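Here's the structure we're looking at; comments come further down.
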Amino acid sequence: MKKIMIVDDKREMRSLLSAFLSKKYEIKTAENGLIALSLLQNGFEPDVIVSDLNMPEVDGLALVSQLKKSGAFSHIPIIILSSIDKSSKRIELMKEGANDFLIKPFNPEELEIRIENLLRIVSI
């Protein structure tokens, strides 16, 4: 079973995404990028990371940046979720290495399709 890490400071969003995605994937959640990094360093290696942008401690941009600069985790695809709908922010995230960006509110089915597409590309 493929693994997804959900990183969001809102408990409701983590619960919603977990409930929706756990039908197909093993899910691990983190309330910010710092906890996500800790989970990775302690052995949980997801196939895809779905992360909020605005979070305390380590935000989505810093998480993307740190993961893409690391040798061990740079291959993990990252989808950013955010209510910020600024092209400049999306460009900044993509330059740092984010693979996709979805604006909140979003359709969970669209997120699932984007995850499946990333998994298909990675396995080629």
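Taking segment 114-124 as the range and being surrounded by fewer than 11 Cβ atoms within 10 Å (Cβ to Cβ) and either touching a Gly at 6+ places or on another chain (Cβ under 9 Å) or of a type outside the set (K, R) (or both) as the test, the residues that pass are I121, S123, I124. Within segment 104-114, the residues that satisfy the criterion of being under 21 Å from L63 (Cβ atoms) and more than 13 Å from the chain's Cα centre (by Cα) are K104, F106.
Could we say that S38 is over 17 Å from I79 (Cα atoms) and either buried (at least 21 other Cβ atoms within 10 Å of the Cβ) or small (G, A, S) (or both) here? So S38 passes the test.
For segment 82-98, the set of residues classified as over 10 Å from L61 (Cα atoms) and touching a residue at least 12 places away in the same chain (Cβ under 8 Å) consists of S82, S83, I84, D85, listed by residue number.
Within segment 1-10, being assigned to a loop (DSSP other than H, G, I, E, B) and more than 11 Å from the chain's Cα centre (by Cα) holds for M1, K2, D9, K10.
Can you run down the residue pairs with Cβ atoms below 6 Å, 6 or more apart or on separate chains, where the first is in segment 9-22 and under 21 Å from E57 (Cα atoms) and at pLDDT 95 or above and the partner is surrounded by 14 or more Cβ atoms within 10 Å (Cβ to Cβ) and not small (G, A, S)? As it stands, the answer is D9/E31; D9/N32; D9/M55; R14/I6; R14/D8; R14/T29, since those pairs meet every condition given. I78: modelled with pLDDT of 95 or more and crowded, with 20+ Cβ neighbours inside 10 Å, yes or no? Yes. Is there a residue being over 21 Å from N117 (Cβ atoms) and hydrophobic (A, V, I, L, M, F, W, C) anywhere in segment 2-12? No, segment 2-12 contains no residue that is over 21 Å from N117 (Cβ atoms) and hydrophobic (A, V, I, L, M, F, W, C).
Can you find, within segment 47-58, the residue that is farthest from the chain's Cα centre (by Cα) among those that are surrounded by fewer than 20 Cβ atoms within 10 Å (Cβ to Cβ) and among the acidic types (D, E)? Here the residue is E57.
The values are calculated or read from the model by the stated rules, or taken from the named source; none is laboratory data. Note that the coordinates shown come from a computational prediction; the quantities given were computed from them, not determined experimentally. Glycine also receives a Cβ, built like all others from the backbone with ideal geometry; neighbour counts cover every protein chain displayed.
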